[in-house]
Amino acid sequence: PIYLDHLASTPLDPLVLDAMLPWFSPAAVGNPQAAHRPGWRAADAVEAARAEVAALIGAPPGAVLFTSGATEANTLALLGGTAPGAACLVSAVEHASVLGCLPELRRRGCPVTILPVESDGRLAPATLETALETAQHRPPGPALVSVMAANNEVGTLQPLAELAAVARARGALIHSDATQAAGGGGLSMDGLGLDFLSLSGHKLGGPMGIGALAARDGAALRPPSAGGGQQRGLRPGTLPTALCVGLGAACRLARDRAAEDSRRIAGLRERLWFLLSAALPRLRRNSPPDGLPGCLSVTLPGLDAADLLLGLPDLALSTGSACHSDAAEPSHVLLAMGRSVEEAHATLRFGLGRTTMAEEVERAAGLLIAAILAD
Ligand code: PLP
């Protein structure tokens with residue numbers, strides 16, 4: 001198979017696996033909470049991993065809460081970070097795990113606003129500014145704004161620094177789902193002035209089942225879970241040492257390799273676009289060149305993308321968001337960018353990553369072009 005679905009999930013990096021393996025052995029017994037030598041060893045490993053996560057995103061280690069992934073991190077930020085009755089504003093292109101929190105917030109009496117985006121998927125700072133002016137600021141809490149760092153369907157990067165500045169100037173808190181952007185490095189939660197940031201292990205060469213929410217010191221978080229008081233009670237539950245170690249190792253690798261990986265992967269993406277667009281002149285590109293290096297979303301008017309991929313089972317890529325591919329619903333991201341339902345169904349999303357080779361890109365393009373032209 002040719003795997004070009006790195007935005008849905010990345011292969012576990014062999015170095016990450018090496019770091020984790022000892023922690024799966026029976027000798028690595030020990031609850032990180034326990035007050036004895038095996039427990040302390042586990043706790044040390046978890047805390048070293050926490051520091052690696054923090055270093056990747058430019059946050060203090062104490063800010064990082066391990067979660068089961070970005071879905072849980074986003075839920076914790078939205079449901080735990082929006083004060084009762086306070087406004088919540090999110091962009092229209094957020095991941096389902098953010099948008100899915102909105103009905104519950106509405107039930108809690110929080111006024112919810114879904115902010116429209118430009119045709120390239122960016123949320124204009126002026127749009128946020130206007131919305132915050134009109135959002136109801138009711139005691140007892142500030143509004144929460146949630147805007148992703150990079151979109152998982154088209155790769156658009158949001159102008160986070162400007163958006164955070166607008167939010168701050170209006171006294172609002174800001175959360176960013178950095179699931180797709182974190183592996184590319186260069187994020188600084190402190191530098192950007194973010195209150196909350198989410199990420200996920202399996203999107204950056206780490207294991208599935210682990211992620212993190214970083215919460216700025218002092219940012220109020222009302223945890224939905226009760227339990228043993230781990231992680232200051234904000235996200236209680238026994239931590240999986242091996243998975244934490246894996247996430248830490250993945251973050252460390254991302255920090256070391258991000259610049260080089262990004263350059264190489266963006267080169268492959270441009271090669272892919274060149275090959276496809278040369279053979280298919282009606283092909284249109286949804287992904288901006290300055291977006292996520294590994295993301296290429298393209299639309300070929302008239303194409304039934306799902307049907308095409310069914311005929312190419314060894315070519316792993318997506319028709320929209322992988323998280324949506326069970327449902328035949330058109331991508332809410334493309335619709336928010338002004339594309340039609342027909343265009344959404346005629347869209348393919350390639351996700352290139354650290355392990356993608358030039359020859360895979362050539363072969364994938366060849367297979368797709370042949371299949372499309374044969375139709
Ligand atoms: N946020 C974004 C932008 C994503 O792309 C994804 C995964 O598809 C998630 C959140 C959910 O991440 P997880 O699989 O860790 O729950």
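The values are calculated or read from the model by the stated rules, or taken from the named source; none is laboratory data. Bear in mind the structure is a predicted one, so any value in this text is a computation, not a measurement. Backbone-built Cβ (ideal geometry, glycine too); neighbour counts: all protein chains shown.
Some observations on this one:
- Members of segment 49-63 found to be away from the ligand (no atom under 15 Å from the Cβ) and of a type in the set (A, V, I, L, M, F, W, C), listed by number: 49, 51, 54, 55, 56, 59, 63
- Matching option when the condition is out of contact with any helix residue (DSSP H, G or I) (no Cβ under 9 Å at 6 or more places or on another chain) and either touching a residue at least 24 places away in the same chain (Cβ under 8 Å) or under 27 Å from residue 287 (Cβ atoms) (or both), among 126, 96, 135: 135
- Sole residue being assigned by TED's automatic domain parsing to the domain that holds residue 265, touching a residue at least 24 places away in the same chain (Cβ under 8 Å), in a loop (DSSP other than H, G, I, E, B) and more than 30 Å from residue 124 (Cα to Cα), chosen from 338, 302: 302
- Subset of segment 178-211 (residues that are near the ligand (Cβ under 10 Å from one of its atoms) and part of a strand (DSSP E or B)): 198, 199, 200, 211
- In the condition set (1) over 22 Å from residue 48 (Cβ atoms); (2) touching a Ser or Thr at 6+ places or on another chain (Cβ under 7 Å); (3) in a loop (DSSP other than H, G, I, E, B), residue 175 is compliant with all but (3).
- Taking residues in segment 12-29 that are farther than 16 Å from residue 183 by Cβ, and partners anywhere that are at pLDDT 95 or above and surrounded by fewer than 16 Cβ atoms within 10 Å (Cβ to Cβ), the pairs with Cβ atoms closer than 7 Å and at least 6 places apart or on different chains are 28/22; 29/38.
- Qualifying positions in segment 213-241 - under 29 Å from residue 354 (Cβ atoms) and more than 22 Å from the chain's Cα centre (by Cα): 241
- Applying the criterion of being outside any helix (DSSP H, G or I) and within 12 Å of the ligand (Cβ to nearest atom) to the residues of segment 67-89, the residue that is nearest to residue 157 (Cα to Cα) is 69.
- When 98, 154 are checked against the criterion of being assigned to a helix (DSSP H, G or I), within 12 Å of the ligand (Cβ to nearest atom) and closer than 30 Å to residue 273 by Cβ, a single residue qualifies: 98.
- Filter result (more than 17 Å from residue 124 (Cα to Cα) and touching a Leu at 6+ places or on another chain (Cβ under 7 Å)) within segment 154-183: 173, 178, 179, 180, 181, 182, 183
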